[in-house]
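Structure first, commentary second.
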Amino acid sequence: MRQNFARSARRSRLDERSRVTYPWRMAQSDPSAKAVPGIPATRLDHTAICVEDMDASIALLEELFGQKVAHREQVASQKVSAAFFDFPNGASLELVSPSRSLGGNPGLEKFLEKRGDALHHLALRVTNLDELLRRLEARGVPLIDRVSRPGARGHRVAFLHPRAMGGTLLELVEAGGEGSAATASHGDQSR
């Protein structure tokens, strides 16, 4: 009985979310409205899983994928540990964990308390990230970051608020060397 109630409540929340309106969207009913450029993503950059125990998660995925982790680092600006498994199509699977040695990341710690190890965000590769953020903000798209910040692997990153995509956290990634503000400094790069 309790399980059915929980399932019913979850279904109700999902139904409410599917009816979400996005005030930032261009009115579809106005044929004379000028098309507004969207996010010019060049590819999926990575999918991220938030994990409590980075070393145990890396060991599990190394065994599962039959490959070694490609890159690990501490991202001081975000107070996280990050590890990447790269795939031939250019996309990566990122493991991200709050780094207590950098002071911890309250957002990720709250995420782990609520959901445990789980899918955290999707990331799209873009160019001219700061200009894109200005355009999105002008359209009223809910942003977490209004300007890009240093991310892993020397990239610039910014997050859209989950309200922008029906509850999914979206990261925009500008590769180091692309666009206007592409230099970043990062902490200890190991492995």
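The values are calculated or read from the model by the stated rules, or taken from the named source; none is laboratory data. Only a predicted model underlies this, so the values are computations on that prediction, with no experimental measurement involved. Heads up, the Cβs are rebuilt from the backbone with ideal geometry, glycines too, and the neighbour counts pull from every protein chain shown.
Quick notes on this structure:
- Yes/no for Lys110 being among the basic types (Lys, Arg) and either buried (at least 20 other Cβ atoms within 10 Å of the Cβ) or farther than 21 Å from Leu170 by Cα (or both): no
- Segment 119-142 residues that are free of Cβ contacts under 8 Å to residues at least 24 places away in the same chain, paired with ones that are among the basic types (Lys, Arg) and part of a loop (DSSP other than H, G, I, E, B) (beta carbon under 8 Å, 6 or more apart): Glu137/Arg146
- Residue tally, condition under 15 Å from Asp45 (Cβ atoms) and part of a loop (DSSP other than H, G, I, E, B), over segment 60-87: 2
- Test: residue in segment 152-159 that is in contact (Cβ under 8 Å) with a residue 12 or more places away in the chain and over 20 Å from Pro98 (Cα atoms): no
- All positions within segment 168-191 that are at pLDDT below 95, of a type in the set (Asp, Glu) and closer than 17 Å to Thr42 by Cβ: Glu178
- Residues located in segment 143-167, provided they are modelled with pLDDT under 95 and in contact with a helix residue (DSSP H, G or I) (Cβ under 7 Å, 6 or more places away or on another chain): Gly166, Gly167
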